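Written below as structure tokens is the structure these notes are about.
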Amino acid sequence: MGRQFEILIFLLKNKKTTYKELSVIFEVSSKTIERDINFLSSMGVPIFCLQGIGGGVFIDEKYKLTKSFFTNEDIHHIVLALTAFDSITEKSYKDSIVNKLCLIAPELTTLFEKDAKDYFVVDLVEEKIDVDTNIMESINQSLDYEILISLILANQQLTVAPISYVLKNDGMYLYCFDIKYMLIKISDIKECIVSSCEFNRDFISYNNNKNNII
């Protein structure tokens, strides 16, 4: 929900924007921004869109982000999820995000962060994962824009449609499709080249297909 939350903050400051402006600011496609706006709207945020001259994406000027935006359970789940994510990545992300949440509900985030540190231990992967590499940045771009990527491995080069990341005990994998569904370990990718060829996201999900992948 990180990008959606940043979009909400942007709208609260500016009151009006466009899909194109948001896609430039957040470096994703207009289609992705549209999905983000629809998600925020489904969460009860009063966002509306108008077409034509003077149109764009608007938020109700009376709307304010208050503590009620997040329930106690929401904050609890967010802190636990951030704790789990930090346990598998080389870089820590939790503190900066929790600091933003503290602006909304300082007493709750402090309580739940302490609870997570004391009682929630995650031991999932053998080695920490660097999620800020150029390779993962290119894969993320491809996922957002729904465009094919070329993966250079040790002994071959593949052009695939990325579908999702899959976390396993021995590291992070890319679930993707060429002429068949594949799992490719991220650490085995030497280079990732983003193409200009789009694809339609109508694949079988990993959870529905994992027993068929060699």
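Values quoted throughout were computed directly from the atomic coordinates according to the rules given, and no laboratory measurement underlies them. Everything numeric in this text was worked out from a predicted model, so none of it was measured.
What residues qualify as long-range amide H neighbours of THR159, i.e. H under 5 Å apart, gap of 5 or more or another chain, H built at 1.01 Å from N?
Counting only residues 5 or more places away or on other chains, the set is LEU151.
Identify which of SER87, SER138, SER196 has the largest mean-square fluctuation in a Gaussian network model of the chain, with springs joining Cα atoms closer than 10 Å.
Of the options given, SER196 has the highest mean-square fluctuation.
Give me the Debye-computed log₁₀ of I(q)/I(0) at q = 0.12, 0.18 Å⁻¹ for the chain, equal point scatterers on Cα only, no solvent, two decimals.
Debye intensities relative to I(0), on a log10 scale: -0.81, -1.34.
List, in the order given, every pair from LYS13/LYS94; LYS16/LYS128; LYS20/LYS128; LYS62/LYS100; LYS16/LYS91 whose Cα-Cα distance in the structure shown is over 29 Å.
On the way: LYS13/LYS94 24 Å; LYS16/LYS128 40 Å; LYS20/LYS128 36 Å; LYS62/LYS100 22 Å; LYS16/LYS91 34 Å.
Over 29 Å Cα-Cα: LYS16/LYS128; LYS20/LYS128; LYS16/LYS91.
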